[in-house]
Amino acid sequence: MLALVITIAAGITTAASSRYEDFALFTSVLTHVRMNYVEPVNEHDLLTGALNGMLRELDPHSAFLDSDAYREMQVDTRGEFHGLGIEITKRQGEPIEVVSPIDGTPAERAGIHARDMIVTICPTEPPEDWTEPCRGTKNMTLLEAVHLMRGTRGSEITIHILRADFEAPRPFTVVRDVVKIESVEGKLLDPGYGYLRVSAFQKRTDKEVREALDEIRELAKQNPSEGQSDDAASLIKGLVIDLRDNPGGLLDQAVKITDTWLSKGVIVYTQGREVSEREDYMASVAGTEPEYPIVVLVNEGSASASEILAGALQDHKRALVLGAETFGKGSVQTVFELEGGTALRLTTALYYTPSGRSIQETGIQPDIEVDRTLVLNANASVPRRVRERDLEGHFTQQEADPTKTGEAAAEGEDATSEAYDQQLERGLEVLKSWRYFERLRTPREPVSEPTVKAAVEGM
């Protein structure tokens, strides 16, 4: 027994000694760089780079967030900021491109269109290291461009736009305002058949989902289907939930929204490094929607919280999942606030669907596979979308195997406006077929003897 204690103590001492040697090595390298590098260095930048390098060794979703990045993350989850109100994208070496202006925002009012190229940004207050009032966007990152275009409500910013029918870039001056990003859209596809688009899982998304369902019911009253009554159970005959290109968001929102259509059972469970770190998220009876058919649309861009919702409804046989294999992000990140407005985003657990399957790397497999949205007037081939399995340093499916977490882990996670939305059309078709086959399964009333006799006599 004494020998065992001495062996363990020796192991602890060796590990601690190794850590101190590593810290000493790091300090030595930093000292040499500071004293001998060919130019003066910014030690803060060096240390930030070291933190980023350390976290890149873990997985693609763990990161050190400086104050700007942390603020942007908070804006994304809050869904409200002061700015222009445009969704943007960027290809390497090309200017910023407008995906679309958000309805009712300063950008829309200023006349900015989808597919406009923002070639130059002239911020209200240029950064200190700028020697010019405006700068081109070819070499900017998306985060830099977003930071420059956001600002105080009522302030002006000028951006230069190049459009297909412009001979040269033209200046657009936009007055910043409060921009609220609505993460949910609800509408009626056909009498009785609703459409619910969830584009992100933000702090109010569960409330927006409830409001959108009420709106769909109200529209159903105004456009009644055959045999419809005004009770809530019959107003919606079927629902399409569109999660395509939804990158995820807050775990608690995914749970609350999934609970809308489930009355019992596990929605999702998470498993940390230790067996004791398992947490089950359960459905409740309160507020459960009526039992109408549901089709969930997914694609390669449906990730994380989207996969929790699709996987839970699929496992509970509450919905059919239609589309393409999803992104495959089955890990949970916790954000730890640090000094100076910075934060650490760290992968702390893996999550599993109610049946105990991990979607890490493999994604949710649709019940009905339908190719990506087709564009009728396009002949060009569409490149394969990036998924979790393509990210360097990601957890593999084997590492996320639920039988190898806990104890085992403790020992060692371009469509255009002319596009024909084939997935949505197929989803609606499935819902209508669903109702048809339900009617076929309903036993017919037996024909009474007098009716049969009358029918024979009338022949």
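Throughout, read-outs are computed from the coordinates displayed, never taken from laboratory work. Everything numeric here is computed off the predicted structure, so don't read it as measured data. Neighbour counts run over all protein chains shown; Cβ positions are idealised from the backbone, glycine included.
List of remarks:
- Along segment 45-55 the Karplus relation, 6.51 cos²θ - 1.76 cosθ + 1.60 evaluated at θ = phi - 60°, assigns HN-Hα couplings of 5, 4, 5, 4, x, 5, 4, 4, x, 4, 6 Hz to successive residues, with x for each Gly and Pro.
- Remark: segment 134-148, residue by residue, has Karplus-estimated 3J(HN,Hα) of 10, 8, x, 9, 4, 9, 7, 8, 4, 5, 4, 5, 4, 4, 5 Hz, where x stands for each Gly or Pro and the curve is 6.51 cos²θ - 1.76 cosθ + 1.60 at θ = phi - 60°.
- Fewest-first sequence of ARG244, ARG197 by Cβ atoms within 10 Å of each Cβ: ARG197, ARG244
- Spatial offset of segment 99-167 relative to segment 284-342 amounts to 33 Å, using the alpha carbon center of each.
- As a calculated quantity, the FRET efficiency between GLU21 and GLU425 at R0 = 45 Å, using C-beta atoms, amounts to about 0.10.
- Net lengthening on full extension, ASP231/SER355 (0.36 nm per residue, minus Cα-Cα): 41.3 nm
- Once the chain from PHE336 to ARG56 is taken as fully extended at 0.36 nm per residue, the excess over their C-alpha distance is 99.1 nm.
- In this structure, the residue pairs whose Cα-Cα separation is over 28 Å, taken from LYS90/LYS317; LYS207/LYS237; LYS187/LYS207; LYS207/LYS264; LYS203/LYS432; LYS90/LYS207, are LYS90/LYS317; LYS203/LYS432; LYS90/LYS207.
- Label point distance in nm, GLU87-HIS113, each placed 7 Å from Cα along Cα→Cβ: 1.9
- FRET efficiency for the pair TRP130 and LEU46, taken as 1/(1 + (r/R0)^6) with r the Cβ-Cβ distance and R0 = 22 Å, rounds to 0.40.
- Additional length obtainable on full extension of the chain from TYR37 to ALA168, 0.36 nm per residue less Cα span: 42.7 nm
- Which of VAL285, VAL370 has the fewest Cβ neighbours within 10 Å, and the rest in rising order: VAL285, VAL370
- Paramagnetic reach from SER67 in segment 140-165 [backbone N under 18 Å; point 7 Å along Cα→Cβ]: 144, 147-152
- Which of ASP421, ASP165, ASP103, ASP214 has the fewest Cβ neighbours within 10 Å, and the rest in rising order: ASP165, ASP103, ASP214, ASP421
- Here LYS187 and GLN365 are evaluated by their C-beta separation; at R0 = 30 Å the FRET efficiency comes out at 0.60.
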